[in-house]
Structures are given as C-alpha cells and as structure tokens.
Amino acid sequence: MPLVPSVRAVLLDDDRLVLFRRTVPGEELYWSIPGGHVEPGDTSLEHTLHREVLEELGATVSGVTPLTTLECVREEGVKTQHVYGCRLVSMDLALRCGPEFSDPARGLYEVVRLPLDPAEITAINLVPPELGAYLADHITRLPELIS
C-alpha cells in the first residue's frame, strides 16, 4: 500500500551539502536532509519543498531541480521520495517552526554542512538508505545538475 509521498531537498550552500545531524532519545545517531510529507494544502511537489525548507530551516531556495524519485519499501508500504536539488538563498534558524522543534521527544535537528565528497556521505548513517546510495553516487556532480 503506498504511503503519503514526501519531498527531499538536496540543498547546496556553495560547495557544501546542508543536512541534519539527528539525535533522537533512544535511537542511534542518524543524518537526514530537509523535507517532509506532501500535505493536502500543497499545490505541487515544488510547493511542498519550499514549505518544508522554510519550516525546517527558515530558508529560501533557488534553482529547484528534480533529481530523482526513490521508491523506499518499508514494512508499512512503499514510500515515494521526490528528491530535488536546490541552492540556499537565505537561512534564519530563528524562523524554524513545526512540531519537530516544540516536542523534545523528536530530538535535535543540528544543521551541518558536508563537503561534496562520496566518502563523507558513505561515512554517515543517512536515512533513508536509498537516498544515501543516490547521493554517494551523484554527490560530486550536484553543482552541475542543479540550475
């Protein structure tokens, strides 16, 4: 059974990838990139992407470019992840909002920038793993793929 689709932002800040280092109580450390579920009020996948980067980073982006669509098989069904590349225009972490920032049980979302190096990607526990594999294969080409 298909699950609600999500968008993910492969966000470049000059020559670095912007990610979250996730520390959640009772879970192993992992990393993720900005993004989230498509909500009923979203008018398009790109609208979802802009909403999510604003909520999670207080950020605006440009050069939004479709990169890939991942089908992630989970116990509860298939999760479609629409992956977009984009470039950071501005970010103000004071503007972040949403339940992930008001509920301590959701853990910490530490913003980190990594070099565009496959070894940096394979060295971390990036979720979903399908995204980690995609990025490890394409990380050095991202600047030329994103408008």
Hey, residue 99 open to solvent by 40 Å² or more (accessible area, probe 1.4 Å), over 16 Å from the mean Cα position of the chain (by Cα) and under 19 Å from residue 39 (Cα atoms) or not: yes
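Say we look at the range 1-50 and pick out the residues that are of a type in the set (Ser, Thr, Tyr) and open to solvent by 10 Å² or more (accessible area, probe 1.4 Å); which of these is farthest from the chain's Cα centre (by Cα)? First the steps, then the outcome.
As a first pass, look at the range 1-50 and keep what is of a type in the set (Ser, Thr, Tyr): 6, 23, 30, 32, 43-44, 48.
Okay, now just the ones that are also open to solvent by 10 Å² or more (accessible area, probe 1.4 Å), so 23, 30, 32, 43-44.
On the way: 23: 16, 30: 13, 32: 6, 43: 19, 44: 17 Å.
Going through the qualifying residues, I end up with 43.
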Determine which member of the set 123, 94, 105 is open to solvent by 50 Å² or more (accessible area, probe 1.4 Å), in contact (Cβ under 8 Å) with a residue 60 or more places away in the chain and more than 14 Å from residue 5 (Cα to Cα). 105
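Do we have residue 54 as at pLDDT 95 or above, in a strand (DSSP E or B) and crowded, with 18+ Cβ neighbours inside 10 Å here? Break it down into steps so the answer makes sense when it comes.
On the way: at pLDDT 95 or above: yes; in a strand (DSSP E or B): no; crowded, with 18+ Cβ neighbours inside 10 Å: yes.
So residue 54 fails the test.
Return yes when residue 122 is touching a helix residue (DSSP H, G or I) at 6+ places or on another chain (Cβ under 6 Å), polar (S, T, N, Q) and modelled with pLDDT of 95 or more and no when it is not. Can you show your working first?
Numbers: touching a helix residue (DSSP H, G or I) at 6+ places or on another chain (Cβ under 6 Å): yes; polar (S, T, N, Q): yes; modelled with pLDDT of 95 or more: yes.
It is true that residue 122 is touching a helix residue (DSSP H, G or I) at 6+ places or on another chain (Cβ under 6 Å), polar (S, T, N, Q) and modelled with pLDDT of 95 or more.
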Going through the range 133-147 in order, the residues found to be surrounded by 12 or more Cβ atoms within 10 Å (Cβ to Cβ), closer than 30 Å to residue 94 by Cβ and at pLDDT below 95 are 146
Examine the range 58-67 for a residue that is part of a loop (DSSP other than H, G, I, E, B) and in contact (Cβ under 8 Å) with a residue 24 or more places away in the chain, and state whether such a residue exists. yes
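Give the residues of the range 26-51 that are closer than 16 Å to residue 127 by Cβ and part of a loop (DSSP other than H, G, I, E, B), sorted by residue number. Before the answer, list the steps.
First, pick out the residues of the range 26-51 that are closer than 16 Å to residue 127 by Cβ: 26-37.
Selection gives 26, 27, 28, 29, 33, 34.
Are any of the residues in the range 30-37 polar (S, T, N, Q), on the phi < 0 side of the Ramachandran plot, out of contact with any Ser or Thr (no Cβ under 9 Å at 6 or more places or on another chain) and in contact (Cβ under 8 Å) with a residue 24 or more places away in the chain? Outline the logic, then answer.
Going through the range 30-37, the residues polar (S, T, N, Q) turn out to be 32.
With on the phi < 0 side of the Ramachandran plot added as a condition, the list becomes 32.
Narrowing further to those that are out of contact with any Ser or Thr (no Cβ under 9 Å at 6 or more places or on another chain): 32.
Checking the rest, the ones that are also in contact (Cβ under 8 Å) with a residue 24 or more places away in the chain come to 32.
Checking the range 30-37: at least one residue is polar (S, T, N, Q), on the phi < 0 side of the Ramachandran plot, out of contact with any Ser or Thr (no Cβ under 9 Å at 6 or more places or on another chain) and in contact (Cβ under 8 Å) with a residue 24 or more places away in the chain.
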Within the range 63-91, restricting attention to residues that are within 15 Å of residue 36 (Cα to Cα) and of a type in the set (S, T, N, Q), which residue is surrounded by the most Cβ atoms within 10 Å (Cβ to Cβ)? 81
Could you check, for the range 46-57, whether at least one of its residues is farther than 20 Å from residue 146 by Cβ and touching a Cys at 6+ places or on another chain (Cβ under 8 Å)? yes
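The values are calculated or read from the model by the stated rules, or taken from the named source; none is laboratory data. Since the model is a prediction, treat every value here as computed from it, not as a measurement. Cβ atoms come from the backbone with ideal geometry, glycine included; neighbour counts cover every protein chain shown. In case anyone asks, the SASA skips ligands and DNA or RNA and just uses the protein heavy atoms, side chains included. Shrake-Rupley method; radii C 1.70, N 1.55, O 1.52, S 1.80 Å.
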